[in-house]
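Chemist: This is the structure I want to talk about, given as C-alpha cells.
The values are calculated or read from the model by the stated rules, or taken from the named source; none is laboratory data. For clarity, every value in this text was computed on a predicted model and none was experimentally measured. Methodologically, a virtual Cβ is constructed for each residue, glycine included, from the backbone with ideal geometry; neighbour enumeration extends over all protein chains shown.
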Amino acid sequence: MYTPKYAQNSDAHSIKEFIMQNGFGILVSLSSQKLVATHIPMQFSPDRSKLTGHVSKANPQWKDFTDKAEVLAIFSGPHAYISSSWYDHENVPTWNYIAAHVYGRIQLIEGNELYESLKYLLDKYEASSENPVSMASMSPEYLHKSVRGLVGFEISITSIEATYKLSQNRDRKNQLRIIHALEKRMDDGSLKVASEMKKKIADTI
C-alpha cells in the first residue's frame, strides 16, 4: 500500500485496535484467472497473530484457499474530502482517511476451530443488542444446518501496513481550519476524521 511518509503508522498495537473496531473488511485473493474479493467481517485470534473469518460455501472464492495461498485483507476507517478552500494558501483538494492492509497465508478451518470463530464473532457483535443472540440459544439442528453452509478460514499474518492520512503535512493553523470545516459538515465521516485529527494534534503537544 502506498503511504506518504508523514502518514505512516508503525504502532502495531494501535493498528490492531483500529482493525478490531473496523472489522468489516475486504478479503482479496488470486484465482487462476483473476483477482477475487469478498466483503466480510474478520477478527483476530486471541494472540492476534491470525485473522479468522468465513465465507458462504456458495462463494467460489474459498476454493482458492489452498496450500496457504497469499491473501490481502483490507480494513477501512473514517474518510472525508478535504477542500483546498479551507487552507490559508493556494493548494489542491485531497482526501483524509485511515486504512490498514493485512497480508498473510490462508488455510481452511473446520470443526471446533470454526465453531469457536463463529461464536466469538457472534458474541462480539451481539454484545450491544437488547436481546442478544448466541450460539447456545440456537437449536442444535438449526446451528448444524447453518454451519454446513459456511467455509471457515484463518490467515497467518505475515505483515501489516497502515495509512493514517490526517493532514499531518499541514501546519497547526491549517490543521485547525480543516477540523473546523469538517465539524461544520456534520456527516459521520467528516466528524470522525476531525476527531482523529484532534487526537493526532494532542499527541504532538
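Chemist: Conditions: (1) at pLDDT below 95; (2) within 16 Å of Ser76 (Cα to Cα); (3) among the charged types (D, E, K, R). Lys192 meets all but one. Number of the miss?
Modeler: All conditions are met except number (1).
Chemist: Cβ-Cβ under 6 Å, sequence separation 6+ or interchain: first residue in the stretch 52-67 and in contact (Cβ under 8 Å) with a residue 40 or more places away in the chain and closer than 16 Å to His39 by Cα, partner assigned to a loop (DSSP other than H, G, I, E, B) and of a type outside the set (Gly, Ala, Ser). Which pairs?
Modeler: Gly53/Met42
Chemist: Could we say that Met186 is modelled with pLDDT under 95 and surrounded by 10 or more Cβ atoms within 10 Å (Cβ to Cβ) here?
Modeler: Criteria not met by Met186.
Chemist: While we're on this one: Can you pull out every residue in the stretch 107-162 that is part of a helix (DSSP H, G or I), more than 21 Å from the chain's Cα centre (by Cα) and touching a residue at least 12 places away in the same chain (Cβ under 8 Å)?
Modeler: Once the filter is applied, which keeps residues that are part of a helix (DSSP H, G or I), more than 21 Å from the chain's Cα centre (by Cα) and touching a residue at least 12 places away in the same chain (Cβ under 8 Å), the stretch 107-162 yields Glu113, Tyr115, Val147, Arg148.
Chemist: Hey, Val193 hits all of (1) part of a helix (DSSP H, G or I); (2) among the aliphatic types (A, V, I, L, M); (3) within 30 Å of Thr66 (Cβ to Cβ); (4) touching a strand residue (DSSP E or B) at 6+ places or on another chain (Cβ under 7 Å) but one; which does it fall short on?
Modeler: Here Val193 meets the rest and fails (3).
Chemist: In addition: So which residues in the stretch 167-190 are part of a loop (DSSP other than H, G, I, E, B) and either among the β-branched types (Val, Ile, Thr) or more than 19 Å from His89 (Cβ to Cβ) (or both)?
Modeler: Here is the first cut: in the stretch 167-190, the ones part of a loop (DSSP other than H, G, I, E, B) are 167-171, 186-187.
Listed by number, the residues that qualify are Met186, Asp187.
Chemist: Let me ask you something else. Filter the stretch 142-170 for residues that are hydrophobic (A, V, I, L, M, F, W, C) and farther than 21 Å from Ser14 by Cβ; which is surrounded by the most Cβ atoms within 10 Å (Cβ to Cβ)?
Modeler: So, considering only residues that are hydrophobic (A, V, I, L, M, F, W, C) and farther than 21 Å from Ser14 by Cβ, the one surrounded by the most Cβ atoms within 10 Å (Cβ to Cβ) is Phe153.
Chemist: Which condition number does Ser14 fail, the rest of (1) in contact (Cβ under 8 Å) with a residue 24 or more places away in the chain; (2) among the small types (Gly, Ala, Ser); (3) not in a strand (DSSP E or B) being met?
Modeler: Here Ser14 clears every test but (1).
Rundown of residues vs (1) touching a strand residue (DSSP E or B) at 6+ places or on another chain (Cβ under 7 Å); (2) under 16 Å from His101 (Cα atoms); (3) surrounded by 13 or more Cβ atoms within 10 Å (Cβ to Cβ), yes/no style:
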| residue | (1), (2), (3) |
| --- | --- |
| Thr3 | yes, yes, yes |
| Asp11 | no, yes, no |
| Ile15 | yes, yes, yes |
| Asn22 | yes, yes, yes |
| Thr38 | yes, yes, yes |
| Met42 | yes, yes, yes |
| Arg48 | no, yes, yes |
| His54 | yes, no, yes |
| Ala58 | no, no, no |
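Chemist: Which members of the stretch 92-129 meet the condition of being touching a helix residue (DSSP H, G or I) at 6+ places or on another chain (Cβ under 6 Å) and either surrounded by 14 or more Cβ atoms within 10 Å (Cβ to Cβ) or over 24 Å from Asp187 (Cα atoms) (or both)? So that I can check it myself, show each step before the final result.
Modeler: Here is the first cut: in the stretch 92-129, the ones touching a helix residue (DSSP H, G or I) at 6+ places or on another chain (Cβ under 6 Å) are 92-93, 96, 100.
Once the filter is applied, which keeps residues that are touching a helix residue (DSSP H, G or I) at 6+ places or on another chain (Cβ under 6 Å) and either surrounded by 14 or more Cβ atoms within 10 Å (Cβ to Cβ) or over 24 Å from Asp187 (Cα atoms) (or both), the stretch 92-129 yields Asn96, Ala100.
Chemist: Shifting gears a bit: Yes or no: Ser156 out of contact with any Ser or Thr (no Cβ under 8 Å at 6 or more places or on another chain) and among the hydroxyl-bearing types (Ser, Thr, Tyr)?
Modeler: Details: out of contact with any Ser or Thr (no Cβ under 8 Å at 6 or more places or on another chain): no; among the hydroxyl-bearing types (Ser, Thr, Tyr): yes.
For Ser156, the condition - out of contact with any Ser or Thr (no Cβ under 8 Å at 6 or more places or on another chain) and among the hydroxyl-bearing types (Ser, Thr, Tyr) - is not met.
Chemist: Output the number of the condition that Pro46 fails; it satisfies all remaining conditions of (1) in a strand (DSSP E or B); (2) free of Cβ contacts under 8 Å to residues at least 12 places away in the same chain; (3) of a type outside the set (D, E, K, R).
Modeler: Exception for Pro46: condition (1).
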